[in-house]
Every structure is written in C-alpha cells, then in structure tokens.
Amino acid sequence: MNLVGELEKLSALHAAGALSAEEFAAAKQKLLASDTSGIHFISDDVGLLETLQERVEAIESRQATIQLDRCWDVESRRYQIVGKHGVRSVPTVIDSLILGIGVCGIGGLTMLSLWFLPPLRDPGGPLLFVFGLVTVAAGLGCSYYWYVTARNFKRAEKRYRDRRRELSNASAPEEWLAQQRIK
C-alpha cells in the first residue's frame with residue numbers, strides 16, 4: 001500500500017478512538033520516517049521532465065509525419081491515371097507531348113488521306129475529314145489534360161517534400177535520438 005493509504009488508515013483509527021493522540025503521532029512519525037527512503041520524487045530527477053518532454057515532442061513529430069504521408073498517399077492518387085489493366089501511373093510532360101504528337105499525327109494523316117487517296121473523297125470524304133478533326137481535338141485535349149496533371153503533381157509533390165523536410169527538421173533533439181539508437 002502507498003503512504004497516503006497508510007496515513008488515511010491511521011487517521012481513521014484515531015478518529016474511531018482506537019489510537020490516542022500520542023499513539024497516532026508516534027505511528028505517523030514512524031510511518032513517515034520508514035517510508036520516505038522508498039519514495040522517489042520526480043523533482044529529485046533533474047532530467048526526467050526534460051526527457052519526457054523531448055519524447056512527447058518526438059512522438060508528436062512522428063505522428064505529424066505519418067499523417068502527412070497518409071494525406072500525400074490519398075492526394076497523389078488524384079493525379080494518377082489508370083491504364084488499360086488497372087495500372088496507375090502519374091503522367092509526365094513528356095508523356096503528354098508523345099500523346100499529343102501521336103494522336104494528332106494519326107488525326108492529321110486521316111485528314112491528309114483524303115488528298116492522297118482519291119477513292120475516299122467521294123462517298124465517305126466528309127465523314128473521314130470529321131473523324132480526323134475529332135481525333136486531332138481529342139489528342140490535343142488529352143495531351144493538355146496530361147500536361148496540366150503532370151504540372152499539378154509536381155507542384156503538390158514539392159509542397160509535400162518541403163513540408164516533410166520541415167517536419168523532420170523540427171523533430172526531437174539530436175542527443176535524445178542518439179540515446180535511442182544506443183538502447
């Protein structure tokens with residue numbers, strides 16, 4: 001039992017009349033003298049409070065970093081494009097250029113085929129020309145979308161990396177981290 005519990009028992013016995021005032025005082029002195037050596041006061045430990053504060057700061061910093069990583073995982077998925085087989089990838093500027101050049105090239109060749117292939121001019125000529133225009137417009141639209149997505153991803157990734165670096169620089173002091181590695 002702890003010191004407070006023992007003192008409460010003594011007070012209850014004294015109040016009930018089981019102990020006289022002299023017996024209560026003697027028992028209290030004996031209890032205080034015998035139990036003081038086993039009591040450890042936090043104020044006796046000079047560095048304990050600082051160490052606890054450093055640990056709390058380190059844990060809070062780690063939690064903030066974990067939360068930031070989780071948010072980044074969710075946000076980075078917004079910039080990803082799902083491929084034919086469900087594979088996710090982040091488009092790059094070069095991808096957007098290749099897509100734009102490729103699809104617009106196919107649309108352009110479709111429209112140019114009207115001049116080089118005379119049999120296509122007569123029955124389906126206007127339809128082929130419209131198909132070429134739609135292909136070029138779709139190529140430009142997709143290329144622009146991929147370019148904007150790639151640019152926005154790079155900006156968001158830079159913000160994420162800057163914030164992560166900021167959190168890692170504000171983490172626990174170096175001495176405490178070194179002590180934790182030794183243990």
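What is the set of long-range amide H partners of I81 at a cut-off below 5 Å, with H atoms built 1.01 Å from backbone N?
Under 5 Å from the amide H of I81: S89, V90.
On a straight-distance basis, which lysines could pair with K9 in a cross-link, Cα separation under 28 angstrom, same-chain partners fewer than 8 positions away excluded?
K28, K30
Values quoted throughout were computed directly from the atomic coordinates according to the rules given, and no laboratory measurement underlies them. These numbers come from a predicted model, not from an experiment.
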